[in-house]
Amino acid sequence: MEKLRQSIGRLFFAGKPYRAMVQKIYREMLGVMAKSFLIILAIRVLGYQKIGNFLAELIVWIKGCSWTEAQSLYFTYIRSNIEYLMFYAFLVFFIIFMRMLILRFTRYFDEIIAGVDQLVKGDQPIILSPELDFMQIRLTQVRQQLQAAAAAEREAEKKKNDFLLYLAHDIRTPLTSVIGYLSLLEKFSGLDVVTAKKYLTIAMDKALKLQKLIEEFFDVTRLTFQQVKLNLQPVDVGCMLVQLADEAFPVAASAGMTIQLSGQSDPIMVNADPDKLARALQNLMRNAVSYGEKGQISISSKVLDNQCAIFFSNPGQVAQQELDRFFERFYRGDPSRGSASNGNNTGGAGLGLVIARDIIRLHGGSLSASCQDGQITFRVLLPILGEGQPEKQSE
């Protein structure tokens, strides 16, 4: 019997998360029917003749008739309809037991309501009956998702506040210098030409740095809301890297670094916006010069899995935890890796990698970072010309 019940349960409830609860209800209902039947059977067996005599005496007492007449009425209206009366009695007991069963099962709803309350409060574990383990698992998952979403929202808000703080600081520093040197020129109008030119040069440098910070900020904003259109055309990646290496040579030399460029002999053509792609690669080059340790910056390109792969490698060591956050918006890394950490002042507001990543994504590519054997490597993957390129767009 038990095997049959289990087979029926598997047949009708297989794969259902609430299978255990349904099976329990199924068993309880069978139990209600069995109890109702057994009670009627017990009354029938144990009350044989006794119930009949009791009912006959009751008729005598009610109608004031003789015993013989009472027995005749009993046989006419009760004994001859005993099957119907037993069925009605069975229904009465079945309804009573079902009512009790329903009241007992309503505690599941109370448990679910309590579980939802715990979901909102989030201060205690959600524990339900074994039959409601599927609901307990779901409520726990929802709580975890809500907590994760709340934590992510708090983290995003913190990053935004930190970003605005850093940006305000980075803007205020050159702005203060510009105002200071211009104030000196205004206050001391009789300065000699050499000193005045020196002050003007410093003020101009600081103003250009301020302009660069503001441009980076607006670039990130535009890229975030996809307000950039690409003027796509065939671009030789090798030629672009040669130009970038030549332009970066003076800055790298002043930082005590050298640039080694390598790549395959055949041209690698991609469909790209040359100005914006150059901007992204320049940011990667600037990052290598600004944050890399003294040594050699290696730049290479090759075809990898039908894609153009570009590698920027520079000496350095970064913890995996920080490496994973290189491309997070509003993230500023270790303060020791600042814009002047290696003696040069080429660093910006910490937005270069974010801008590079978003530009490369607009081209249908990807940007990733890794650190191994004292080398930090940035890998750019771009579709080769004709291989899954974005549709051509014009400015």
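The values are calculated or read from the model by the stated rules, or taken from the named source; none is laboratory data. The model shown is predicted, which means the values in this text are computed figures rather than measured ones. When we count neighbours, we look across all protein chains shown, and the Cβ atoms used for this are built from the backbone with ideal geometry, even at glycine. Each accessible area value is taken on the protein alone, full model and side chains, heavy atoms only, with ligands, DNA and RNA left out. Shrake-Rupley method; radii C 1.70, N 1.55, O 1.52, S 1.80 Å.
Scanning the range 125-137 for residues that are at pLDDT below 75 and either farther than 14 Å from Lys24 by Cβ or polar (S, T, N, Q) (or both) yields a single hit, Ser129. If you go through the range 51-66 and pick out every residue that is among the hydrophobic types (A, V, I, L, M, F, W, C), open to solvent by less than 100 Å² (accessible area, probe 1.4 Å) and within 24 Å of Met86 (Cα to Cα), you end up with 6. Being modelled with pLDDT under 80 and among the aliphatic types (A, V, I, L, M) is the filter; apply it to the range 188-222 and report the residue that is nearest to Phe311 (Cα to Cα). This residue is Val220.
In a residue-by-residue description of the range 260-276, the property of being part of a helix (DSSP H, G or I), open to solvent by 60 Å² or more (accessible area, probe 1.4 Å) and modelled with pLDDT of 85 or more applies to at least one position.
The requirement of being in a helix (DSSP H, G or I) and either at pLDDT below 75 or open to solvent by 80 Å² or more (accessible area, probe 1.4 Å) (or both) is satisfied by Ile43.
For the range 189-204, a residue qualifies if it is under 59 Å from the mean Cα position of the chain (by Cα) and surrounded by 12 or more Cβ atoms within 10 Å (Cβ to Cβ), and the qualifying residues are Thr195, Ala196, Lys198, Tyr199, Leu200, Ile202, Ala203, Met204. Considering only residues of the range 223-259 that are touching an Asp or Glu at 6+ places or on another chain (Cβ under 8 Å) and surrounded by 15 or more Cβ atoms within 10 Å (Cβ to Cβ), which is modelled with the lowest pLDDT? Top of the filtered list is Leu223.
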